[in-house]
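**Q** First the structure, then my questions, so here it is.
The values are calculated or read from the model by the stated rules, or taken from the named source; none is laboratory data. These numbers come from a predicted model, not from an experiment. Glycine gets a Cβ as well: all are built from the backbone with ideal geometry, and neighbour counts include every protein chain shown. Keep in mind that these areas ignore ligands, DNA and RNA; they rest on the heavy atoms of the full protein, side chains included. Shrake-Rupley method; radii C 1.70, N 1.55, O 1.52, S 1.80 Å.
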Amino acid sequence: MLHEALLCLKGLCTTSLALQRLDEIADTLFPALLAMLFDPEHKGPSEFTTRSIIINLLFMHLNAATKDIDTLPQRAKKVLG
């Protein structure tokens, strides 16, 4: 179910409006996704393709900020934080 939901989110993020909405929920979404990837109990997604979708979403979020050079460092700090 997680895999399919992430695929839908990834598909939606091909539009600028969806990327704006992604930025609005980034503070909630990305910490949760990263927590799944780096879960010490390994209860997160174990499939490579699901993990790859999460990384692609992170990349889309960061790549959308390359047009405005001031927001890129802020987004990177949020993701790394």
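**Q** With every protein chain present, what is the per residue accessible area of the chain (1.4 Å probe, Å²)?
**A** Dividing the accessible area of the chain by its residue count gives 71 Å².
**Q** So for 42, 61, what's the accessible-area order with a 1.4 Å probe, most first? Let's see the in-between values first.
**A** On the way: 42 155, 61 5 Å².
I get 42, 61, largest accessible area first.
**Q** Now a separate question. From the protein chains alone at 1.4 Å, what is the descending order of accessible area for 12, 58, largest first? Each step should come with its number before you reach the end.
**A** On the way: 12 110, 58 15 Å².
The most accessible residue leads, giving 12, 58.
**Q** Count neighbours as other Cβ atoms within 10 Å of each site's Cβ, and list the GluC sites (Glu not before Pro) in the stretch 20-80 that are DSSP loop with at most 16 such neighbours.
**A** Here the sparse-neighbourhood loop sites are 41, 47.
**Q** Related question: Which value at 222 nm does the chain reach when only helices count, each DSSP H run of 4 or more adding -39,500 (n - 2.57), with the total divided by all residues and rounded to the nearest 500 deg cm²/dmol?
**A** Value at 222 nm, helices only, nearest 500: -24000 deg cm²/dmol.
**Q** Something else about it: When the accessible area of the chain is split by element with a 1.4 Å probe, what percent falls to carbon and sulfur?
**A** 63 percent
**Q** Only four residue types carry charge here, +1 at the Cβ of Lys and Arg and -1 at the Cβ of Asp and Glu. Report the dipole size of the stretch 1-61 about the Cα centre in Debye, rounded to the nearest 20.
**A** Numbers: 4 positive and 7 negative charges, 29 e Å.
Its charge dipole is roughly 140 debye.
**Q** Another question, then. Given the alpha-carbon gyration tensor of the chain, what are the semi-axes of its equivalent ellipsoid in whole angstrom, ordered largest first, with each equal to the square root of 5 times an eigenvalue? Don't skip to the answer; put the middle values down first.
**A** On the way: eigenvalues 95, 47, 18 Å².
Its equivalent ellipsoid spans semi-axes of 22, 15, 9 Å.
**Q** Once ligands and nucleic acids are excluded and a 1.4 Å probe is used, how much of residue 51 is accessible, expressed in Å² to the nearest 10?
**A** 80 Å²
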